[in-house]
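One structure is given here, and the rest of the page talks about it.
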């Protein structure tokens, strides 16, 4: 728009004025030329076969404290049915307490899922998985690229 206008008009601060106008103009935003390579074709997600086979987990934090002392919510969602469990927790809970809650609130009702999507930090995640597998009485062996012998 600036290049088109500068062919016929000029005023002091013209470039800034045009940029500010375009930034708030709804029509300009809709017809603005895309300066990126077009995205590839959409890849469809795999169709799940059974409910609670794949789940996602996340925390909602920063909530006001309840009368029972909870200040966060642990959200566990089934990908197929979109059924969710909202578990009240405290941000001070350690991996052992969360593993206990996971077994009593999720595994007891739905079994152990095949895949879990969880975007927490690596320190928390490793402690959670260790405690969970201790509770299930199974062995958890983390493998890395530097120790390929871990997985056989």
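The values are calculated or read from the model by the stated rules, or taken from the named source; none is laboratory data. Keep in mind the model is a prediction, meaning the values are calculated, not measured. Backbone-built Cβ (ideal geometry, glycine too); neighbour counts: all protein chains shown.
The table for this structure:
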item	result
Candidate set from segment 1-14 (those that are part of a helix (DSSP H, G or I) and exposed (fewer than 11 other Cβ atoms within 10 Å of the Cβ)); member that is farthest from the chain's Cα centre (by Cα)	4
Residues located in segment 20-71, provided they are touching a helix residue (DSSP H, G or I) at 6+ places or on another chain (Cβ under 9 Å) and part of a strand (DSSP E or B)	55, 57
Residues (in contact (Cβ under 8 Å) with a residue 24 or more places away in the chain, surrounded by fewer than 16 Cβ atoms within 10 Å (Cβ to Cβ) and within 23 Å of residue 127 (Cβ to Cβ)) located in segment 52-100	58, 61, 91, 94, 96, 100
Among (1) closer than 23 Å to residue 136 by Cβ; (2) in a loop (DSSP other than H, G, I, E, B) - the single one residue 97 does not satisfy	(2)
Verdict on residue 24 being exposed (fewer than 13 other Cβ atoms within 10 Å of the Cβ) and either modelled with pLDDT of 85 or more or within 27 Å of residue 87 (Cα to Cα) (or both)	yes
Those residues of segment 100-142 which are at negative phi, modelled with pLDDT under 80 and assigned to a loop (DSSP other than H, G, I, E, B), in sequence order	119, 120, 121, 138, 139, 140, 141, 142
